[in-house]
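Shown next, in structure tokens, is the structure this report addresses.
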Amino acid sequence: MTSGRRPSWWQRLRHWREDRQLRQLKVSPGQWQEALGDWAVYQRYPPAQQRRIRDLALRLLLRKHLVAVNGAELDDRLRLRIAGMAVVPVLELGLHWYDRWQTLILYDGPFVAEHSWEDEFGIVHQEVSERSGEAWERGPVVLSLEDVWHSGQGDGYNVVIHELAHTLDMRDASANGAPPLHPDMDPQAWQRDMQAAWDDLAERTEKSLPLPVDDYALEDPAEFFAVLSETFFERPAPLREAWPAVYGHLTAFYRQDPEGQSDPRDK
Ligand SMILES: [Zn+2]
């Protein structure tokens, strides 16, 4: 349950090696501005943390493979933008929380995913669906570039954070809607408050009331956590207002308070 709490000697060695490589990489302030300047989430961070986001984003690009397929085109601006978005959730956790995946595959537009699964009677079902992103246990993370461009527009949607939240969830073996919690967190309280928020979202959806998060969250507990995570960073205010306890758990897990950033007195 404590995975990823302290970097090991190997992680420190890798960090040191990367420092040398990073010094060779020259990304100008103008290039960063072009890549992340219009992203409100990035703008909300104080300058010192923006520097850490940029540093972590380059480390991510050194460690992971970004692969464009199916006619997708990946230029430097897009690489930096995706990497910048990707590292925000682990800014206070450390990049080693992403150690279980190595490749980010980018499609041009939504992609069709074919899955087969076996039910409890041993019957294999074939399922074909159009998706904006996908994350597999120990496998690659897949994103649609079209959805990457729709991410970070202020409406709470961010496919990069969403899919990477799935990878955090899967660190403790299964996508069950709970990542490995830190030792100072209470798993029962997490479970109880997530369930209450889930029930509330279901009720609001039924009554056509305003929703603090997209109702896609009700697909299953894993989607619930992924949608909560993207909303937590992208549009924290309505989330904190609707479900303060859930907001508190996410603050404890990510070790960040996106809503408090805009007004530190409000913490
Ligand atoms: Zn998802």
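Does any residue of region 198-221 turn out to be touching a residue at least 60 places away in the same chain (Cβ under 8 Å) and either more than 12 Å from the ligand (Cβ to nearest atom) or under 27 Å from ARG81 (Cβ atoms) (or both)? Steps first, answer last, please.
So the first thing to find is which residues in region 198-221 are touching a residue at least 60 places away in the same chain (Cβ under 8 Å), and the list is none.
For region 198-221, residues touching a residue at least 60 places away in the same chain (Cβ under 8 Å) and either more than 12 Å from the ligand (Cβ to nearest atom) or under 27 Å from ARG81 (Cβ atoms) (or both): absent.
What number goes with the only condition from (1) under 18 Å from TYR98 (Cα atoms); (2) exposed (fewer than 13 other Cβ atoms within 10 Å of the Cβ); (3) in contact with a Lys or Arg (Cβ under 8 Å, 6 or more places away or on another chain) that ALA173 does not pass?
For ALA173, the failing item is (3).
Here are some residues: ARG23, ARG51, ARG79, ARG44. Which one is within 22 Å of ARG6 (Cα to Cα) and open to solvent by 50 Å² or more (accessible area, probe 1.4 Å)? Working first, answer last.
On the way: ARG23 fails: within 22 Å of ARG6 (Cα to Cα); ARG79 fails: within 22 Å of ARG6 (Cα to Cα); ARG44 fails: within 22 Å of ARG6 (Cα to Cα).
Going through ARG23, ARG51, ARG79, ARG44 in turn, just one is within 22 Å of ARG6 (Cα to Cα) and open to solvent by 50 Å² or more (accessible area, probe 1.4 Å): ARG51.
Residue check: is PRO187 closer than 15 Å to ALA245 by Cβ, loosely packed, with under 14 Cβ neighbours inside 10 Å and more than 12 Å from the ligand (Cβ to nearest atom)?
Details: closer than 15 Å to ALA245 by Cβ: yes; loosely packed, with under 14 Cβ neighbours inside 10 Å: yes; more than 12 Å from the ligand (Cβ to nearest atom): yes.
Answer is yes for this residue.
Open to solvent by less than 30 Å² (accessible area, probe 1.4 Å) and not hydrophobic (A, V, I, L, M, F, W, C): does that describe ASP193?
Working: open to solvent by less than 30 Å² (accessible area, probe 1.4 Å): yes; not hydrophobic (A, V, I, L, M, F, W, C): yes.
The answer is yes for ASP193.
Only one of ALA252, ALA226, ALA217, ALA237 is of a type in the set (A, V, I, L, M) and more than 20 Å from GLN153 (Cα to Cα). Can you tell me which? Please lay out each step first, then the result.
Numbers: ALA226 fails: more than 20 Å from GLN153 (Cα to Cα); ALA217 fails: more than 20 Å from GLN153 (Cα to Cα); ALA237 fails: more than 20 Å from GLN153 (Cα to Cα).
Unique residue meeting the criteria: ALA252.
What are the residues in region 234-248 that are out of contact with any Ser or Thr (no Cβ under 9 Å at 6 or more places or on another chain) and either modelled with pLDDT under 95 or surrounded by 23 or more Cβ atoms within 10 Å (Cβ to Cβ) (or both), if any?
Result: VAL246, TYR247.
The values are calculated or read from the model by the stated rules, or taken from the named source; none is laboratory data. Note that the structure is predicted; figures quoted are calculated from it, not measured. All Cβ positions, even for glycine, are placed from backbone atoms using ideal geometry, and neighbour counts span all protein chains on display. SASA here: full protein model, heavy atoms, side chains in, ligands and nucleic acids out. Shrake-Rupley method; radii C 1.70, N 1.55, O 1.52, S 1.80 Å.
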